[in-house]
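Participant: Please see the structure below; I have some questions.
The values are calculated or read from the model by the stated rules, or taken from the named source; none is laboratory data. If you're wondering where the values come from, they're calculated on a predicted model, not measured in any experiment. As a convention, Cβ positions derive from the backbone with ideal geometry for all residues, glycine included, and neighbour counts pool all protein chains shown. The area values use the complete protein model at the heavy-atom level, side chains included, leaving out ligands, DNA and RNA. Shrake-Rupley method; radii C 1.70, N 1.55, O 1.52, S 1.80 Å.
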Amino acid sequence: GSGGAIGSTGDILVLRSQVDGNTTDGDGGALYTDEDGDVTVIHSLIDGSAADGPGGAIFTLDGDVAVLDSTLIGNRADDRGGAISGESDVLVVNSTVARNLAVAHAGGGIWARGDLVLVNSTVTDNHPEGEGGGVLSAGRTWLLSSTVSANIASVAANLGSAGPLRASNSIIGPAVTAVTTGDAR
């Protein structure tokens, strides 16, 4: 099934916890909600989880994702969203999303079907097989005092946004081309 650590039809709250090394042959390597369940992660670490579907660490079918004062590192999805695959809006505040992998799709660190907001956060060293190395949003994207850099993808190496992008006091990039693969980094 889905949700390597927790699967729910309602909301999930993870507070001051470590969710480490979970796997699923479905969606959401660590946390999964279907219907309109929201996922909120506060003062926590999600590390080394893997999903055969989207969302190496977190997947929501219709609900929002909020990650506050947390770290999502070293997670892997065989679909979109190496760390987060949110089918609605995604909010990341005072957090780090690093070294995640989306094997067969887009959004190495974060995939948001809705709007994406990063506040005082760092998204770095993530890699998808497709586009959006660090983050990929199908909606609007806001960056406030955040850094999205050193991610790698063949298209939109650090950031891709289908809607308007607004950034303030933030760093995006730089993109560097890897000599061996030709991918932008």
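Participant: Using only the C-alpha atoms of the chain, find the volume of their convex hull and express it per residue in Å³.
Facilitator: Taking only Cα atoms, the chain has a hull volume of 77 Å³ per residue.
Participant: Give me the 1.4 Å probe accessible area per residue for segment 28-185, excluding ligands and nucleic acids, in Å².
Facilitator: Here the per-residue accessible area is 36 Å².
Participant: Ranked highest first by average number of other Cβ atoms within 10 Å, how do 126-133, 19-26, 102-109 line up?
Facilitator: Per-residue Cβ counts within 10 Å, averaged per peptide and sorted highest first, yield 102-109, 126-133, 19-26.
Participant: Counting Lys +1, Arg +1, Asp -1, Glu -1, what net charge surrounds GLY114 among other residues with beta carbon under 14 Å of its beta carbon?
Facilitator: Charge balance in the 14 Å sphere: -4.
Participant: Which whole-number percentage describes the relative contact order of segment 51-185, with Cα contacts under 8 Å and a sequence gap of 6 or more?
Facilitator: Over segment 51-185, the number comes to 18 percent.
Participant: Quick one: with all protein chains in place, what share of the accessible area of the chain is carbon or sulfur, to the nearest percent (1.4 Å probe)?
Facilitator: 48 percent
Participant: A further question follows. Once the other residues with Cβ under 11 Å from the Cβ of ALA104 are scored (Lys, Arg +1; Asp, Glu -1), what is the net sum?
Facilitator: -2
Participant: Turning to a different aspect of this structure: Just want to confirm a number: the relative contact order over segment 77-129, from Cα pairs under 8 angstrom separated by 6+ residues, in percent.
Facilitator: In percent, rounded to a whole number, it is 46.
Participant: Just the Cα atoms of segment 60-115, one point each, no solvent: what log10 I(q)/I(0) does Debye give at q = 0.13, 0.18, 0.19, 0.23 Å⁻¹?
Facilitator: -0.27, -0.51, -0.57, -0.82
Participant: Shape call for segment 9-118 from the C-alpha gyration tensor, a ≥ b ≥ c root eigenvalues: rounded (a/c under 1.5), prolate (a/b greater than b/c) or oblate?
Facilitator: Rounded is the answer for segment 9-118, as its axis ratio a/c remains below 1.5.
Participant: Further question: Taking R0 as 25 Å, what FRET efficiency do you get between LEU15 and LEU165 from their Cβ-Cβ distance, rounded to the nearest 0.05?
Facilitator: 0.20
Participant: Shifting gears a bit: PRE reach from VAL119 (point 7 Å along Cα→Cβ): which of segment 79-107 fall under 12 Å by backbone N?
Facilitator: Counting backbone N atoms under 12 Å from the label point, the list is 91-95.
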